[in-house]
Amino acid sequence: MFIEKKLQSGMAWINLDADILSQHPGSYKKYNIDEETIEYALDKNERAHMDYNRETGTVVFIFNVLNLKRAKNYYETVPMTFVVQQDRLITISNKENTYVVDMMKNYVEHHEPVTVYKFLFASLELVCNSYYPVIEQMDETKDNINHLLHQTTTKKNLFALADLETSMVYLVAAAKQNRMLLEHIRGHAIYRRLDEVEKEQFDDVMIEARQLVAMTDLISQVLSQLSGSYNNILNNNLNDNLTVLTIISVLLAVLAVITGFFGMNVPLPLSNDKNAWIYIVVISLVIWGLLTKVLKWLANKR
C-alpha cells in the first residue's frame, strides 16, 4: 500500500508496495531509487545490511522483520527495506511485513513530528519489539511440550519441539544480523552526523536489539538442550528394548535347542517315556531361570 506522511521540517515518509513495483518496472525511478536498491527490496532472501551511496548520500538499510503469518510449522523472517534520502524516508514493504507499516503509521499519527533518522530508529525499535510476543508464546509452548514429553515421548510432541527449534534458528540468526547492522551504523560516519535526540533513539533501538539477541539465544540453547536430552532418552529406550529382545531370543533358543535333539532320528534318553515332555519343560524352565539371571546381571553390569 502507498502511504505518504509528513515529518519534521518538510521531511516526509513514503511507503511503497513491493508487489506494485515488481508489476510496474521503472515506477521507482520517480523516487530517485536506483535499480540495485529495488533488487534488494524484491529479494525475499536478502539479509540485514547497510549500503551507502557516497555520490547521492542515500543510505539503504535492510532489516530482518518477523513474518507473523506462518506458511509452515515454524516462524521465519523477511527483509524490509528502508531508504534514507536527504529529506525523506522511503520504506518498501510487502504482504508479509505490512504490519510494520501499520505500526509506523500509528507512530507518526500519535507522536509529534520527528526527523527522518529519529523516525527510522523508532521504526526499527518497533520491529524489535514485535518479536517479543511471539518469543514469549514460543517459550510458553516449549514448557508445555516439555511437560507432555515428560509424561510420554510421542512423535507429535517431538515434531512440535523440532519446529520450535527451527523457528529459533531463524530468529537467532535474524536478531544477530540486525544487531550487527546497528553496530555498523554506530561505527559509520552517518552516526556522527546525528543530533542528540537521534542518538538517544538509536541507543534505545540498540538496547532492544541486544536484548532480543540475548533472549532468542537463551531460548535456542534451552531448546537445543531439550532436544539433545530427549534424543539421549530415546537412544537409551532403544537400547533397553534391544536388550530385552535379545534376552527373549536367547531364552527361546534354549527351548529350540532342547526340542531339536528329540527331533533327530537317533536313540535318545526318555524317547520312549510318555512323561518325557514334562521333564523337558521342567528342565527348560530351570535353564530359562538361570539364563535370565545371568543375562540380567550382564545387562546391569554393562
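The values are calculated or read from the model by the stated rules, or taken from the named source; none is laboratory data. All values reported here derive from a predicted model rather than from experimental measurement. Quick reminder, even Gly has a Cβ in these numbers, built from the backbone with ideal geometry, and neighbours come from all protein chains shown. Remember, those area values only see protein heavy atoms, side chains included, never the ligands or the DNA or RNA. Shrake-Rupley method; radii C 1.70, N 1.55, O 1.52, S 1.80 Å.
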Subject >> Measure of compaction for the chain (Cα Rg per 2.2 N^0.38 Å) >> reply: 1.74
Original post:
Ignoring ligands, DNA and RNA, what percent of the accessible area of the stretch 1-233 is carbon or sulfur (1.4 Å)?
Top reply: 48
Original post:
Normalized C-alpha radius of gyration of the stretch 72-204, against 2.2 N^0.38 Å?
Top reply: 1.32
**OP:** Would you mind calculating the relative contact order of the chain from Cα pairs under 8 angstrom and at least 6 residues apart, reporting the percent as a whole number?
**Re:** 16
Original post:
Label residue 237 and residue 68 with points 7 Å out from Cα along Cα→Cβ: what is the distance between them in nm?
Top reply: 3.8
Subject >> GNM flexibility winner over the chain from 52, 99, 75 (Cα, springs under 10 Å) >> reply: 52
Original post:
Any idea how far apart residue 189 and residue 95 come out in nm if each label point goes 7 Å out from Cα toward Cβ?
Top reply: 4.3
Subject >> Residue of 122, 162, 189 that the Gaussian network model of the chain assigns the largest fluctuation, springs spanning Cα pairs under 10 Å >> reply: 189
Original post:
Taking a threshold of 19 Å on the Cα-Cα distance, which of the pairs 30/95; 69/95; 5/30; 72/156 fall above it?
Top reply: 30/95
**OP:** Subtract the Cα-Cα distance of residue 217 and residue 49 from 0.36 nm times their separation in residues, and report this length gain in nm to one decimal.
**Re:** 58.4 nm
Original post:
If you place +1 on the Cβ of every Lys and Arg, -1 on the Cβ of every Asp and Glu, and leave all else neutral, what size is the dipole of the chain about its Cα centre, to the nearest 20 Debye?
Top reply: 1580
Original post:
Accessible area of residue 210, 1.4 Å probe, to the nearest 10 Å²?
Top reply: 120
**OP:** Sorted from largest down, give the three principal axis spans of the alpha carbons of the stretch 126-176, whole angstrom values.
**Re:** 40, 17, 12
**OP:** Considering only 71, 174, 214, give the residue with the highest GNM mean-square fluctuation for the chain, with springs between Cα atoms whenever their separation is below 10 Å.
**Re:** 71
